[in-house]
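Okay, so here's the structure we're looking at.
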Amino acid sequence: MYIFSFNLNYTEIIIILSVALLTGMSKTGVQGAGMLSVPLLAMVFGGQLSSGVILPMLVIADVFGVWYYHRHASWRHLKILFPWAALGVVAGTVLGKFIDDAVFKLIMASTIIASVVIMLWLEHTNPDKVPKQKSFAVATGIAGGFTSMVGNLAGSVMSVYLLAIRLPKNVYIGTTAWFFLVVNWFKVPFHVFAWHTITWNTVLLDVLVLPVILLGAWLGIFIVRQLTDKMYRWFIIVMTLIAAAGMLI
């Protein structure tokens, strides 16, 4: 079936709709859902092209996430993260041209698995031992920008940082929402003019699944409302574990 120049079978259409749902959920608090969507979409479009297909979905969902959680962001941390994330995006743009699909998948799996290990360590260590220096935020910003550009996987990197600094549930989600709204909009020109992975056809495809993205956003809000702060921390870890397992299958 041809949809905006893409020749898609019914299985691929179901995958795209699932990714739209997961993307919406990820922007209203169900962080691991976004990590699941990356390898799923790569199955349909391949590595680099899938990152361009999903970016407009993310931008749409980011707006909804910020609209709902904008009051809860920690701007003290965001002001440190933003400039370094921009540097990471530029580095990812340059180096991403030399990454084929096999290496792309390896980067995705390694990023998620390493994040899971660090998250589990954070839950079983003395909070006083967790690094809180500015250098930790700088490293997170660069890694977040790079992994966001190369594979839209900054969610796992940001989860490590925000869990480490022990933000409350709503502040965690609001800070994440603002971070990705700014970073994802910043990435758009690089995808359009450097990688050529965003075209009119990819944008039209993403607009077509807009209702599913909004449904996912609503589901994310509903799920998060049921969780306490402690439950939410473990929910993020479990969802990331599921994403890591999906990468290894």
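Please give, to one decimal in nm, the separation of the simple spin-label points placed at K230 and A194, each 7 Å out from Cα toward the Cβ.
4.4
Considering every pair of different Cα atoms, what Kirkwood radius, in Å, is found for the stretch 1-49? Before the final figure, lay out the partial values.
Working: mean 1/r = 0.0890 Å⁻¹.
The Cα-based Kirkwood calculation yields 11.2 Å.
Please work out how many pairs of lysine residues in the stretch 8-248 are eight or more positions apart (or on different chains) and have Cα atoms closer than 22 angstrom.
Taking the stretch 8-248 as the scope, the lysine pair count is 16.
If you stretched the chain out fully between N9 and V103, how much longer would it get, using 0.36 nm times the residue separation minus the C-alpha to C-alpha distance? Mind dumping the intermediate values first?
Working: separation 94, 0.36 × 94 = 33.84 nm, distance 2.62 nm.
Separation in residues times 0.36 nm, less the Cα-Cα distance, equals 31.2 nm.
Relative to the longest principal axis of the C-alpha atoms of the chain, give the angle of the C-alpha long axis of helix 31-45, reported between 0 and 90° and rounded to the nearest 10°.
Roughly 20 degrees between the two axes.
For the stretch 132-249, what number results from the quotient of the Cα radius of gyration and 2.2 N^0.38 Å? Don't skip to the end; give the middle numbers.
Numbers: Rg = 16.0 Å, N = 118, 2.2 N^0.38 = 13.5 Å.
Its radius of gyration relative to the 2.2 N^0.38 Å reference: 1.18.
Nothing charged except the Cβ atoms of Lys and Arg (+1) and of Asp and Glu (-1): what's the magnitude of the dipole of the chain about its Cα centre? Round to the nearest 20 debye. Walk me through the numbers on the way to the answer.
On the way: 15 positive and 8 negative charges, 172 e Å.
That gives a dipole near 820 debye.
On C-alpha positions alone, give me the angle between the axis of helix 134-151 and the longest principal axis of the chain, in degrees, nearest 10.
20
Restricting to Cα pairs below 8 Å that are 6+ residues apart, what does the relative contact order work out to for the chain? Please round to a whole percent.
On the way: 374 pairs, mean separation 96.3, N = 249.
Relative contact order comes out at 39 percent.
Relative to the compact-globule scaling 2.2 N^0.38 Å, provide the ratio for the alpha-carbon radius of gyration of the chain.
Values: Rg = 16.8 Å, N = 249, 2.2 N^0.38 = 17.9 Å.
Compared with the compact-globule rule of thumb, the chain sits at 0.94.
Laboratory data are not the source of any read-out in this text; all were calculated from the coordinates shown. The shown structure was predicted, so the numbers you read here are calculated from the model rather than taken from an experiment. Because the Cβ atoms are built from the backbone with ideal geometry, glycine has one as well, and the counts that use them run over all protein chains shown.
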